[in-house]
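Below you'll find the structure, written out as structure tokens, and then a few comments.
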Amino acid sequence: MLIKVRRDTLIILLLAFMLILCGRVLTYVAYASTIEQEEGIPITGVQIKGNDVIPLATIKANIASSGLREGSYIDGDMLHTSKRTLPLSEAIDDAKKYAKDSVIPGTTAMPIVAVDIKVDNTTGIVTVTVVEDFDKVRLSGIYTTPSAFLYV
């Protein structure tokens with residue numbers, strides 16, 4: 001049983017097949033000709049541990065301002081962000097300082113007294129452990145004890 005195909009339909013089908021084939025070949029050639037750049041290990045996420053009162057978003061936003069955020073990557077002992085390149089140790093020190101400046105929303109209380117930051121150089125996960133201490137709460141630069149805090 002023969003299927004009757006008109007000559008112009010056959011030409012259109014052959015042209016479509018050639019266009020698809022040329023598109024595939026161009027895609028493969030473009031992929032093969034790209035230079036593979038190794039950017040290092042990207043920062044994949046920030047995990048916060050030990051916080052009770054301060055929201056995660058507040059701490060993450062403060063740490064992100066030091067450069068330890070998604071979109072940045074680690075290349076050896078250097079941290080590359082979209083705007084600058086700095087040593088990883090400097091970024092960690094800045095992140096510790098910024099995390100300590102995190103406040104309880106709606107107040108000026110800064111209960112974080114200690115911060116430990118670990119950066120996994122194989123997975124790109126940043127683990128931040130904070131210690132909140134209400135024995136000495138900083139209110140606008142003044143240290144108060146818990147009994148004095150009740151009267152402020």
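The values are calculated or read from the model by the stated rules, or taken from the named source; none is laboratory data. Just so it is clear, the structure is predicted and the values come from calculations on it, not from any experiment. Positions of Cβ are backbone-derived with ideal geometry, glycine not excepted, and every protein chain shown enters the neighbour counts. What goes into the accessible areas is simple: the full protein's heavy atoms, side chains included, and nothing from ligands, DNA or RNA. Shrake-Rupley method; radii C 1.70, N 1.55, O 1.52, S 1.80 Å.
Numbers at a glance
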item	result
Subset of the range 93-112 [out of contact with any helix residue (DSSP H, G or I) (no Cβ under 6 Å at 6 or more places or on another chain) and surrounded by 22 or more Cβ atoms within 10 Å (Cβ to Cβ)]	111
Test result for residue 26, open to solvent by 50 Å² or more (accessible area, probe 1.4 Å), farther than 30 Å from residue 133 by Cβ and of a type outside the set (Ser, Thr, Tyr)	yes
Top-ranked residue of the range 117-133 - restricted to ones that are of a type outside the set (Val, Ile, Thr) and part of a strand (DSSP E or B), ranked as least open to solvent (accessible area, probe 1.4 Å)	132
Filter pass, residue 54 being in contact (Cβ under 8 Å) with a residue 60 or more places away in the chain, of a type in the set (Val, Ile, Thr) and open to solvent by less than 60 Å² (accessible area, probe 1.4 Å)	yes
Of the criteria (1) open to solvent by 80 Å² or more (accessible area, probe 1.4 Å); (2) within 19 Å of the chain's Cα centre (by Cα), which one residue 40 fails	(1)
Strands (runs of 3 or more DSSP E) wholly inside the range 27-105 containing at least 2 residues that are at pLDDT 90 or above, aliphatic (A, V, I, L, M) and in contact with an Asp or Glu (Cβ under 9 Å, 6 or more places away or on another chain)	none
Candidate set: the range 57-69, residues that are under 13 Å from residue 119 (Cβ atoms) and free of Cβ contacts under 8 Å to residues at least 40 places away in the same chain; chosen: the one farthest from the chain's Cα centre (by Cα)	66
Of residues in the range 66-119 being touching a strand residue (DSSP E or B) at 6+ places or on another chain (Cβ under 8 Å) and basic (Lys, Arg), the one nearest to residue 48 (Cα to Cα)	118
